[in-house]
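Encoded as structure tokens, the structure appears first; notes follow it.
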Amino acid sequence: MKRTHKYLYYIISAVTLGATFSACTKLDENVYNEIPIDNFFKNKREVMQSALRPFTHMQAWLAPTGGNGFYYHSELSADQVAWPQKGRHGYDGGDHIRQHHHTWTDNESRMRGGWELMWGGVGFVNDALTQIENLDVTQVEGLTEEDRSTIQAQLKVLRAYHYIKIIDLWGNVPIATKAATPINPETKSRKEVFDFVKAELLENVESLPLTSADNIGQVSKAAGYAMLSELYLNAEKWTGTAMWDECIAVSDKIIQAQGGGIGGAPKLASDINSLFSNTNGANPESLFQFQFSRQAGFTFDWGGFYMSYDYMREVLDVGYGGWNAFVVIPTAFDAYAANDLRKKDWFLFGPQYKYGTTTPILGTEEYSGKPLSFVNSIRRESEGDLTSEGGMTKGEENSGARFNKYKSGRLSDPNYQENDYIIYRLTEIYFNKAEALMRKNGGSAPQAAVDLINESRKRSFSNANWPAAKYTTSSLTLNELLAERGREFIFEGKRRTDLIRFGKYTTATWWDHKPSNDPNKELYAIPSDQLSINPNLKQNPGY
């Protein structure tokens, strides 16, 4: 059932697969291969191919498979994940160091790439909407007016999702609903864009199909409600006006299955690992996901950024290594209790052995020929530094705990690398509702909020350890909620947004990071080349 729509990743549509978008001021595309419109859109399948192109494009900037998009900036500027220099590797012009220290400029190459990718997605949506709106339905085999209305609603909701992430990063941006029209759209305030997104969601979400096992990988109703839940949760930060009641109400719609669910109704996974396993395609906790599949040639490849070098093939019995890039910073790893099952299952830590043996894996850099052991420090221990805090330029090949949240399975597993990437899950909705309840209550946790968080947290502890680990109305403070949110959603691309909403992004201290106390850093700079292209864009304050 998971693979129903896999063929859609190989589409040839009226928009070129290799299109690149230079700015929100140029939302058309360079055409290298094309099929004339008159020869396309002959049947419903081809319409769906065009409609799903923006969704397949989205993985390039949202999932941890590329280095230029939302994920990179959300994680590497926050307090859990970093890409430190490790000896002769990873300096990369200081890009990752500037992210960690919040010293980026208005001309960062990865930020320029993220802008182009995300606005390119808006362009794909707008192009598909125009083409589908202009169709003569009577000439398209298998397509009805009802089908067209549903597809248009899905595309508008998907565009709204793009804008949620765009205003998260840049705040004040143009609103573009037609490809290349106008040529130079003007900057709108974040509130104006927020109101546009809210209206688009409210006008279209009820026209979406109920989420079910039959439409995994499409924009369906539970996904639309989850977008509204996120939008309302951040409303006070993004517009100055809180929308806690609205967040609670739409979260309840998801919890009460008014948006449907993969299993008929959404429910929490029974354990901490199944939602991220290589058989997670139909997990009932998922509300919205990317469908990936190695067998279909569209692999969720987190290895490049999150795996250490090629010796990890032997550790995990897999066919991939990595660049030894992203690591968990010491203060983030220390945030987990020793008996927290997430600390054991979601990270690679300590001595590394060939799979199923006690034969040590040997290092290839600072620990060449010596047993490799991942340590909770980022400093030059091979040179005798065993006590300093270390720093972003002082890492080694074994510095930091490593990612092990998504698990591909072994090479011999018939579902090897069949993992889907989860965008929204029911646990996040529990956390959103709990936070809204607490903020309405002056920051104190009512029992309803405690129950929601405990329902998720109890999966992370043994029955014996749970009584001491469970929250009460006195122990679940807002600071503790932020900490638990970090522990639960680590590696899921959400941390920067959370820190900003809790007022910690520019004011808190974490490993090798001193607060800037500069509220302007809560928004990124509009890339300088975009300002040159479009004179109607306005730079964000502080840049």
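The values are calculated or read from the model by the stated rules, or taken from the named source; none is laboratory data. Bear in mind that the values here come from a model prediction, so they are computed numbers and not experimental data. Heads up, the Cβs are rebuilt from the backbone with ideal geometry, glycines too, and the neighbour counts pull from every protein chain shown. Protein only, heavy atoms only, side chains kept; ligands, DNA and RNA dropped before computing areas. Shrake-Rupley method; radii C 1.70, N 1.55, O 1.52, S 1.80 Å.
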Whole-number value, in Å³ per residue, for the convex hull of the alpha carbons of the chain is 150 Å³
Got a number for the accessible area of TRP466? Probe 1.4 Å, square angstrom, nearest 10. 40 Å²
Distance in nm between label sites at LYS178 and GLU133, each 7 Å beyond Cα in the beta-carbon direction? 0.8 nm
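Where Rh denotes the Kirkwood radius from the mean inverse Cα pair distance, what is Rg over Rh for the stretch 249-312? Mind showing how you got there, number by number?
Working: Rg = 15.3 Å, Rh = 13.9 Å.
Checking Rg against Rh, the ratio lands at 1.10.
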Long-range HN-HN contacts of PHE298 with modeled amide H, under 5 Å: SER293
Compute the long axis of helix 190-204 from its Cα atoms, compare it with the longest principal axis of the Cα atoms of the chain, and write down the angle in degrees, 0 to 90, nearest 10. 70 degrees
Could you tell me the center-to-center distance, by alpha carbons, between the stretch 36-75 and the stretch 425-453 in angstrom? 34 Å
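Where the accessible area of the chain is counted over protein heavy atoms with a 1.4 Å probe, how much of it, in %, is carbon and sulfur? Please report the intermediate quantities before stating the final value.
Working: 9710 of 19900 Å².
Summing carbon and sulfur atoms, their accessible area is 49 percent of the total for the chain.
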At 7 Å along Cα-to-Cβ for each site, give me the label-to-label distance between ASN465 and GLN258 in nm. 3.8 nm
Counting only the heavy atoms of the protein chains, how much of TRP238 is accessible to a 1.4 Å probe, in Å² to the nearest 10? 10 Å²
Filter LYS165/LYS458; LYS188/LYS253; LYS433/LYS470 down to the pairs with a C-alpha to C-alpha distance above 28 Å, please. LYS165/LYS458; LYS188/LYS253
Please determine, in degrees from 0 to 90 and to the nearest 10, the orientation of helix 145-170 with respect to the longest principal axis defined by the Cα atoms of the chain, where the helix direction is its Cα long axis. 40 degrees
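What pairs from LYS86/LYS237; LYS405/LYS440; LYS344/LYS504; LYS407/LYS514 go past 31 Å between their alpha carbons? Please list the in-between numbers first.
Numbers: LYS86/LYS237 36 Å; LYS405/LYS440 33 Å; LYS344/LYS504 27 Å; LYS407/LYS514 34 Å.
Table pairs above 31 Å Cα-Cα are LYS86/LYS237; LYS405/LYS440; LYS407/LYS514.
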Give the distance, in whole Å, between the Cα centre of the stretch 136-211 and the Cα centre of the stretch 279-315. 29 Å
Between the Cα axis of helix 426-440 and the main Cα principal axis of the chain, the angle (0 to 90°, nearest 10) is 90 degrees
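What does the charge count near ASN273 come to, summing +1 for each Lys or Arg and -1 for each Asp or Glu among other residues with Cβ under 10 Å from its Cβ? Display every interim value, and only then the final one.
Values: positive: ARG342, LYS405, LYS407, ARG459; negative: ASP271, ASP345.
For residues surrounding ASN273, the net value is +2.
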TYR309's amide H: which non-local residues (gap 5+, or another chain) put their own amide H closer than 5 Å, with H modeled 1.01 Å from N in plane and none for Pro or chain starts? GLY322, ASN324
Karplus-derived 3J(HN,Hα) from phi for the stretch 509-521 (6.51 cos²θ - 1.76 cosθ + 1.60, θ = phi - 60°), whole Hz, x at Gly and Pro, runs 10, 9, 3, 6, 9, 9, x, 7, 6, 10, x, 5, 6
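Compute the relative contact order of the chain as a whole-number percentage, counting only Cα pairs closer than 8 Å that sit 6 or more residues apart in sequence.
18 percent
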Quick check: net charge around GLY409, other residues with Cβ under 13 Å of its Cβ, Lys/Arg +1 and Asp/Glu -1? 0
The answer for the per residue Cα convex hull volume of the stretch 114-200, in Å³, is 92 Å³
Are there trypsin sites (Lys or Arg not before Pro) in the stretch 242-330 that DSSP marks as loop and that have at most 16 other Cβ atoms within 10 Å, and which are they? LYS267
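Kindly report the accessible area of the chain per residue (heavy atoms of protein chains, probe 1.4 Å, no ligands, DNA or RNA), in Å².
That works out to 37 Å² for each residue.
Give, in nm to one decimal, the length gained when the segment between ARG410 and THR279 is fully stretched (0.36 nm per residue of separation minus the Cα-Cα distance).
Numbers: separation 131, 0.36 × 131 = 47.16 nm, distance 1.27 nm.
This chain segment gains 45.9 nm when fully extended.
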Given the protein chains as shown and a 1.4 Å probe, how many square angstrom of SER149 are accessible, to the nearest 10? 60 Å²
